[in-house]
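Notes for the one structure printed next.
What follows draws every value from the coordinates through simple rules; no lab data is involved. Since the model is a prediction, treat every value here as computed from it, not as a measurement. Every residue, glycine as well, gets a Cβ built from its backbone with ideal geometry; the counts of neighbours run over all protein chains shown.
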């Protein structure tokens, strides 16, 4: 009897401990800890880079200032573009194209990835082609896209699709390949077959690989768009960040070149922080894989 009571108390203690762990993991960390762990390090890194950059210019280490402008020179370009009202236009032209092209790639790449992952003949036929397309530099698609479609937005979207669809499809294929067979057997036992099984079993289980493919697909979308904007320029296309970079190179304005580079980098980081990082955290949290120290 005493042994039974001891066992019950031990089980209760274990259960209470597990509940405490779950409560701790679910709690939101204080802002001070978030600031120190996640916000402060990139700020310090940026300040150090700017300090080293300014020192290289101030002490004449680079020699020719026209090749490496100071941070203040680049900031002057930012202020000039802002006062002219063109800064947000540069950003919006490229971001709107990139996001819309990525959505098109998502609509095409998701069913393509499912078909490749689930149909052996299709996988054997076009699986290697998708992998080859993924490794092909996106800039290679710009000349044929211009010849086929002309200098218009359709050409831009075609280049984005050819750069992003293989990554999204391959990411989903990789996620489906990692789905435990036990999940599929359990789903068939419960009547989840065909499209129902794909929707309720395969896609949720393949979500980590799919999200990784989406993140890579966006990176390819953004790089493809920048390549297209740098090479293909026309009045009807407007001025995006890639166009700004090429115009700055033509004018030998290194301050404007650095402005364009920093804007391209900032947009890429912002999209990742706003869309893909929260999505990754949600996927990890839903699977109990997000460990908070």
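Observations, loosely collected:
- Distance between the 7 Å Cα→Cβ label points at residue 151 and residue 236: 1.0 nm.
- Restricting the calculation to Cα atoms, every distinct pair contributes to the Kirkwood radius of region 124-177, found to be 11.9 Å.
- Per-peptide average of other Cβ atoms within 10 Å, ordering 66-77, 82-93 highest first: 66-77, 82-93
- Normalised by residue number, the volume inside the convex hull of the Cα atoms of region 69-286 is 137 Å³ per residue.
- If the segment from residue 40 to residue 76 were pulled out straight at 0.36 nm per residue, it would be longer than the present Cα-Cα gap by 10.4 nm.
- Pair residue 188, residue 121: separation of 7 Å Cα→Cβ label points (nm): 2.0 nm
- Extending 7 Å from Cα along the Cβ direction at residue 56 and again at residue 286 yields two label points whose distance is 4.4 nm.
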